Structure formats: structure tokens, C-alpha cells
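See structure below.
The values are calculated or read from the model by the stated rules, or taken from the named source; none is laboratory data. Predicted model, so just to flag it, every value in this text is computed and none were measured. Here the Cβ positions follow ideal geometry from the backbone for every residue, glycine too, while neighbour counts run over all protein chains shown. Remember, those area values only see protein heavy atoms, side chains included, never the ligands or the DNA or RNA. Shrake-Rupley method; radii C 1.70, N 1.55, O 1.52, S 1.80 Å.
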Amino acid sequence: MRALRLGAAPSAVGNDLAAALASWGRGDDIFGGVALLGYQPPDHPEPVEAVLLLPRAVIVVVGVDLPDPAMRLEAPLAGQWRTDGWPLVRHEGPVNPAVDALAATAAVSEALDGARAEPLPTGTVVAVGPYVGQVSQPTGDLVRGVRILHPEPKSLLTAARELSTHGRVCPATDARKMLAALGVELGHADLVAEGFGDVVAREVAAASTTFIPKVALGIKPDVKQAKQAKRAEPETTRSLRWLPVLAVLLVAVLLVAGIAVAVSSADDNSSAPPATPPSRTAVSVGGTEFTARGARQAADCAAHAYGDVQAYLQANACARLVRARYEAAAVGGGRAAVLVAVLRFASSVSGTELRSVADRPGGGG
């Protein structure tokens, strides 16, 4: 997932959203896509947390800051929201925050309609914070493509998978058209690296390269020369047809190199310290090998936490936070991502206290 910061986060929960998207990594064939953070939809009064252009869907994310953390949120699209059984009261805007979210999604869909690109299903995610343990939604709302959740990496990724219902991967050429309709420019190779289809390479590889001898207009071609050209045609054709194949292989090698650099590099718009690679490129746990896919370090640990854990880190700053990402072979094929966070403190007492906070049910993370 490549994140492009276009504006400030409209709500506090936007920080949690950005952290969750960053944990997905960049240039990964597991999911991929482009995230426009702080995007302002045309003819819409307020910016949204993000517009996610994925290979099989477009997702509009709108942030909603609740008055307090909640263990349970009842969030119907039509009706009163309730936090832990109490009606949600807002000082400004509609009591049901989903009204703003659906309006923002409609504005983005209208902008994409003029792109003349392959249409992708458009879903809505309402990111709620500072923390919500469980969200209850009516089945009908889920069918409409709306997900209301606290933006943890796992829950957000699950919602993105459920909303990515398009039958095939969107071509990079169409993804460029959609980004252009939203006022963003991104290169073809960048989009291919983020999981969009490389239609140009496929069309070149499928193009006919049959050799046709030149014939002067009005002059009858020599029969002997024509037969010689015909006999030479298969060998020439085979040679020419290797050219696009070699070109595709070269592009593949460049993409693999670009993905390796992108995964280990820092975010384009981040001021955090440079990436710190894990001490080992691969570790084995219980017979399963986990391959390192890059790491990031930060000094502000509270900015990357939520719930009671965030409150503790705001009062007891840690010395450094290291977030690492590993991959392993999943049962039944494919790959699984594992995210590891390591917090360093000046004393072991702080680490023990934080562990007790994090181990409590609903204590955050």
C-alpha cells in the first residue's frame, strides 16, 4: 500500500488509520493499492480520512471521533448510534455519523464516473475511535458495502478484502485515469508495483510479430524471393517474438528490485528516522520460517498506540518503538503477514507496567 498525504487528518482517529495502512507495507502483492490520505472530494464540504484505490475496489474512509472509548458500539446506517448502551450525542453534525460518510462516498463516485475507466465497486469504511472493542451492524448495512470499525490493521484489512469484489484486477492504465480524475498523478510502473495489472506488457507480448516482406506497388514480386522469405519466416518470427518476452522479464526483475527497496524504505511523507532492518533476515519458530520484510522506528510511541495502552504511553514515554514486518508461508498456499512491535524503556518497571495494561481485555494495543 502506497500512502500519499494530501492534507491533514480531519479527525484524531486518522492517526490510527495511517498507522494501520503503514503496517500493510509498500509494493506488496498480498494486497497493494494507493491510499490518498486527507483527500478533499469535489463538491464535498469536508475532507475524508482516505480514499483507498485498490486493485479490486475503491474504499472511502471517513473518521468519527467518539466522546469516549467504548467496548461496544451499535451503529446502524438509519437510526441512533449507541455506545455501551447509551445514545450517542454529538455537539455538531448529524447524530448518525454515517450520513456524512455516505455523502462523501457519493462525491468520490461521481468524480470517478468521468474517468472513463473500468468501474470498480465503491465501499465505505467509517473509522471510529479513540477505541471500540466491538461494532454491531445490521446485515443489510453490510450488504450495502459499509463497514464501521476501529482501524486496527487486521480489522481494516478484513474489511478491504470483503469489499474487494471486482472480478479481475484493475489495469494500471485505468487506475491512472481514476487517480487523474481525483487530481493525483502516479506512474504506470508505480501502479504495477502496487498490484494493478500491467496491461501494456501483456498487450505487447500478445502482439503479432509476423514478418511480411516489402512489395513495391505495381511491381510483381519475384516468386523465388517470396519463397525464400516464407522459409525464413518461422525463424525470424521466433526471434522477434522473444523481444516482448525479454522486455517483460526485464520489467519483472526491475519490479522485484523496486518492491524490495520500497518495503524497506521510509514512507514518502514521513519525518520518522530511517528504517532499521531486523537483526536477522529470517527466523524459524516452531518449524515455520518468517522472512523479514522491513522495519520502522519511532520515538513517539503513543502516536502509534490506542486505548489504555496509548494513555499509558502518553504518561510514560518509551525510549524507542520498533515495528517490524515478517512473512511466512500460510497453510493451503499463499503467504501470511506477521506484525511485531518492540518498545524500549529506560527501566524494566515501565515495561512490566505496560505489559499488565496491554494484557487486560479491551486495554488497547
From the options Ala70, Ala35, residue that is buried (at least 22 other Cβ atoms within 10 Å of the Cβ), at pLDDT 90 or above and either over 30 Å from Ala295 (Cβ atoms) or among the aromatic types (Phe, Trp, Tyr) (or both) = Ala70
Consider only pairs whose beta carbons are under 8 Å apart and that are at least six residues apart or on different chains; among these, list those whose first residue lies in the range 161-174 and is in a loop (DSSP other than H, G, I, E, B) and whose second residue is open to solvent by 50 Å² or more (accessible area, probe 1.4 Å).
-> Ser164/Arg56; Thr165/Arg56; His166/Arg56; Arg168/Arg56; Val169/Arg56; Cys170/Arg56
Checking Ala336 against (1) surrounded by 13 or more Cβ atoms within 10 Å (Cβ to Cβ); (2) at pLDDT 85 or above, the condition it does not meet = (2)
Any idea which residue in the range 67-90 is farthest from Thr124 (Cα to Cα), counting only those that are touching a helix residue (DSSP H, G or I) at 6+ places or on another chain (Cβ under 9 Å) and hydrophobic (A, V, I, L, M, F, W, C)?
-> Trp81
Output for the range 73-93, where each listed residue is among the β-branched types (Val, Ile, Thr) and at pLDDT 90 or above = Thr83
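One line per residue, one yes/no per condition, for (1) at pLDDT below 90; (2) farther than 16 Å from Ala159 by Cβ; (3) in a strand (DSSP E or B); (4) of a type in the set (Asp, Glu):
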| residue | (1), (2), (3), (4) |
| --- | --- |
| Val95 | yes, yes, no, no |
| Ala101 | no, no, no, no |
| Ala104 | no, yes, no, no |
| Ser109 | no, yes, no, no |
| Ala115 | yes, yes, no, no |
| Thr124 | no, no, yes, no |
| Val128 | no, no, yes, no |
| Gln134 | no, no, yes, no |
| Leu142 | no, no, no, no |
Scan the range 313-346 for residues that are of a type in the set (A, V, I, L, M) and closer than 16 Å to Trp24 by Cα and jot them down.
-> Val322, Ala324, Ala328, Ala336, Ala337, Val338, Leu339, Val340, Ala341
Give the residues of the range 312-338 that are among the aliphatic types (A, V, I, L, M), within 18 Å of Ala299 (Cα to Cα) and in contact (Cβ under 8 Å) with a residue 40 or more places away in the chain, sorted by residue number.
-> Leu313, Val322, Ala324
Hey, among the residues in the range 144-154 that are open to solvent by less than 40 Å² (accessible area, probe 1.4 Å) and outside any loop (DSSP other than H, G, I, E, B), which one's farthest from Pro69 (Cα to Cα)?
-> Val146
Tell me, please, whether a residue that is within 22 Å of Pro41 (Cβ to Cβ) and in contact with a Pro (Cβ under 7 Å, 6 or more places away or on another chain) can be found in the range 169-177.
-> yes
